[in-house]
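Engineer: This structure is in structure tokens; I'll ask about it shortly.
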Amino acid sequence: MQVSSAFVLYTLSQLTRSLRWKVILRELGFREAFLINSANIFFNNLLPARTGELSWFYYAKRSGVELKSSLWSFFLGRAYDLLGLLALFLLSYALLLGALHFVLGFLTLTLLSPSIPLLRILIPPVGKLREFREFIGRELTPSLSIKLTVLSTLSFLLKALSVYVLVAVLLNTDVFRFSFAFAGGELTTILPVHGFMGYGTYEAGFLIPLKLMGVEIREGLKVGFIAHTFLLVSSAVWGLLSIPLLHARFRISP
């Protein structure tokens, strides 16, 4: 029962994440966005040093998205991944203080997100960075920023809940501490420190925050391993279904 509930929550998180990609890349339909997202996550989990990211550009190009557009959209999505992780951490702390603090925190995040496009002035207008800066100025409107912030945060929240459902009985801790550990593990899936299938790197990212909060190393490693294995298997289920469907679509495309 716990595994089924966890997998449903994981699937909802990936549907939300796919909707976010659909919002960024309007050329893609939702079904295409979900298939590409699922294939990309699977290859990312499987291959070391973020080499699986190349699958994003390959499948996006085969789906009719220009390389430059998919490149800048990809970087924009990754930036909102980091923002979503930070928001999850802060909101979980607010929830620890009470439901009212959580609601106020979420409203504050939503109200601040329209100003994020203004941060493009921090990007040096040189070389390719100039193109990225111009892309943000052209595409990232305040309303789009709100959508991306909400969808990114919601996606990570659902993903964190999917893992929490599995490990709550093993880890005697509150939601805030768990989200701190979860964010540490997820950071290793965004930054270029990913080993083969993520084993070792994800557990280390998951363990370090728990260790700082006094959790025993053995217990932290066990929980990190269970969380990581569940996420690998879940991503493989959707990834292995999505890859042949994508190639079948490419074969019948004119």
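Engineer: For a quick check: sort Thr153, Thr229, Thr189 by the number of other beta carbons within 10 angstrom, fewest at the front.
Structural biologist: Thr229, Thr189, Thr153
Engineer: Would you mind ranking Ile41, Ile146 so that the residue whose beta carbon has the fewest other beta carbons within 10 Å leads the list?
Structural biologist: Starting with the residue having the fewest Cβ neighbours, the order is Ile146, Ile41.
Engineer: Over the chain, what is the relative contact order in percent, taking alpha-carbon pairs closer than 8 angstrom and at least six residues apart?
Structural biologist: With pairs under 8 Å counted, the relative contact order is 30 percent.
Engineer: Across bins of 10 angstrom width beginning at 0, how are the C-alpha pair distances of region 7-86 distributed, in whole percent?
Structural biologist: With a bin width of 10 Å, the distribution comes to 19, 55, 26, 1.
Engineer: Going by a ≥ b ≥ c, the root eigenvalues of the Cα gyration tensor, does region 1-150 fall in the rounded group (a/c under 1.5), the prolate group (a/b larger than b/c) or the oblate group?
Structural biologist: Oblate is the answer for region 1-150, as a/c is 1.5 or above yet b/c matches or exceeds a/b.
Engineer: On to the next question. As a check on your grasp of the helix formula, calculate [θ] at 222 nm for the chain: sum -39500 (n - 2.57) over DSSP H runs of n ≥ 4, divide by the residue count, round to the nearest 500.
Structural biologist: Estimated from H runs of four or more residues: -26500 deg cm²/dmol.
Engineer: Oh, and also: Taking the chain as a Gaussian network, where each spring joins two C-alpha atoms under 10 Å apart, which residue of Ser143, Ser73, Ser179 fluctuates the most?
Structural biologist: Top of the fluctuation ranking is Ser143.
Engineer: Based on the Kirkwood radius over alpha-carbon pairs, what value in µm²/s does the Stokes-Einstein equation return for the translational diffusion coefficient of region 97-212 at 25 °C and 0.890 mPa s?
Structural biologist: D, rounded to a whole number, is 146 µm²/s.
Engineer: Arrange Ile136, Ile190 by Cβ neighbour counts within 10 Å, fewest through most, would you?
Structural biologist: Ile190, Ile136
Engineer: Here is a follow-up. Taking DSSP loops as anything outside H, G, I, E and B, show the longest stretch in the chain free of GluC sites (Glu not before Pro) there with at most 16 other beta carbons within 10 Å. Spell out each step's value before the answer.
Structural biologist: Values: sites that count: Glu27, Glu66, Glu216.
Formally, the longest exposed-site-free interval is 67-215.
Engineer: Continuing with the same structure: Hand me the tally of lysine pairs in the chain: alpha carbons under 21 angstrom apart, and the pair either on different chains or 8 or more positions apart.
Structural biologist: So the count works out to 9.
Engineer: Under 1.5 on a/c is rounded, so check that first for the chain, then, if it is not, pick prolate when a/b is larger than b/c and oblate when it is not; a ≥ b ≥ c are the square roots of the alpha carbon gyration tensor eigenvalues.
Structural biologist: Details: a/c = 1.74, a/b = 1.24, b/c = 1.40.
The shape class here is oblate.
Where a number appears in this text, it was derived from the coordinates with a stated rule and is not lab data. Keep in mind it's a predicted model, so treat the numbers as computed, not measured. Cβ: placed from backbone, ideal geometry, glycine included. Neighbour counts: every protein chain shown.
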